[in-house]
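Below: one structure, written as structure tokens.
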Amino acid sequence: MTGENISTKQLLGTVLAVQANFYRVQMDEVEGVSTSASLSEQSGVQEFRSSEIIESSSSPSSLSPVPCHLSPSSPILLCTRRTRLKKIGQQVMVGDRVIVEEPDWAGGRGAVGEVLPRHSLLNRPAIANVNQILLVFAVADPPLEPIQLSRFLIKAESTGVDVLLCLNKCDLVSLEEKQQISDRLLAWGYQPLFISVQNSINIDQIATYLQDKITVIAGPSGVGKSSLINSLIPDINLRVGEVSGKLARGRHTTRHVELFEMPTGGLLADTPGFNQPDLDCSPEELIHYFPEARERLAVAHCRFSDCIHKDEPDCAVSGDWERYQHYLEFLDDAIAHQSHINQQADPESSLKLISKGKGQSQYEPKLESKKYRRISRKTQLQDLQNLYQDSED
Ligand SMILES: Nc1nc2c(ncn2[C@@H]2O[C@H](COP(=O)(O)OP(=O)(O)OP(=O)(O)O)[C@@H](O)[C@H]2O)c(=O)[nH]1
Ligand SMILES: [Zn+2]
């Protein structure tokens, strides 16, 4: 990042896709500019969806950005990254808000000159500035598995962005069944939106939730994610339910990520990498990803400040809530994960669950020496960014 201020003269946009050394940037709508011509399929850019550029008689430097940056009709420029960004190791990621310099409106080209600070950063897939995760499950076919749903919810909660839970195929269950599911999930702290892509139930509602936001869609196989994306963005050309359809979606199964514009505004990304969620949070964090436990902890305290809510006496959360068993299962995963991380940082060290007597237990690192070091979130983020850099170069 350079120290430049963002003046009204600067042109802002959002990175939709990164491919080779090109960035596909959706420009914020600029006043006094019409957006009609189609970008010709030029060599090196055919991989990108045909896009719109602006035809403008006014000089770009006289244009000022407008606040609503996710308008569906915004122009798109194919940009390179300024050498100075490369020099300082500043990556440009999908979802990044960027300042575009020297726009060639007629040719549909530009250069990314600066990346604005990110307010969120997801890994797998790497997307910046995500506002919400749209978690899609089916009420039937495949059957709704509570532990699987719970695992996805915890993974989504652990990203820190909002979670929108949507239950598809509601055409396959009765009103009573829907009510039962709804009551159960309400006790988990969620209010699901029942939809049917097949019968077009509540699809408009989803489109409304996605407006002006960057949303990432996630969920297990077969629940209707491709069908939903197709119905939200009819020209996206994802084919559904066939072998060829899965292949067509294949390029999205690698590291490739792309944000697609919703006709009603907002950007949507598919996340195949998110579909077998590993719980990689720390054991201490885990409890906070259960909204119903968060609620208990907001009004009561455990006797021990480092309680992991397993066997400790006077624990404010252990006990009679449906997902407590899920918590205990995921806790084992989180402890195993933490132990793995610590072992990588220091092969001599590992975590052990230590009994403190009176039913109290606590996991503790087995320390060899001062070498013990827990990997900080910052380091993890850095690793992620390095990984991304590698894939970019
Ligand atoms: N009954 C019913 N079937 C649906 C509905 N939506 C999708 N389906 C069907 O469910 C099957 C799976 O849909 P997909 O859209 O391929 O599911 P997906 O989540 O993208 O699956 P993956 O590509 O494996 O991740 C297809 O046969 C769809 O026709 C719905 O609302 N009701
Ligand atoms: Zn506790």
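Readers should treat all values here as calculations from the given coordinates under stated rules, not as data from a laboratory. What you see is a predicted model, and the numbers here were worked out from it, not measured in a lab. Note: ideal-geometry Cβ built from the backbone for every residue, glycine included; neighbour counts use all protein chains shown.
For the range 141-237, averaging the sequence separation of C-alpha pairs within contact (under 8 Å, six or more residues apart) and dividing by the residue count gives a relative contact order of 27 percent.
Once the C-beta distance of residue 179 and residue 204 is scaled by a Förster radius of 25 Å, the resulting FRET efficiency is 0.65 to the nearest 0.05.
Which of the pairs 178/225; 155/310; 169/225; 86/213 have their Cα atoms more than 23 Å apart in this structure?
Pairs exceeding 23 Å: 86/213.
The modelled label-to-label distance for the pair residue 106/residue 145, using points 7 Å beyond Cα in the direction of Cβ, is 5.9 nm.
When only Cα pairs below 8 angstrom with a gap of at least 6 residues are kept, the range 170-216 shows a relative contact order of 28 percent.
At a threshold of 8 angstrom on Cα-Cα distance, excluding pairs fewer than six apart, so keeping six or more, what relative contact order does the range 63-221 reach in percent? Kindly include the intermediate steps, with their values, before the conclusion.
Working: 219 pairs, mean separation 33.9, N = 159.
Reported relative contact order: 21 percent.
Looking at the range 121-188 alone, DSSP beta bridges between its own residues are antiparallel in about 20 percent of cases. The P(r) of the range 73-127 has a tail past 12 Å containing 67 percent of all C-alpha pairs. Ordering 209, 289 by the number of other Cβ atoms within 10 Å of each residue's own Cβ, fewest first, gives 209, 289. For residue 20 and residue 329, FRET efficiency with R0 = 41 Å and r from the beta-carbon atoms, rounded to 0.05? The value I calculate is 0.45.
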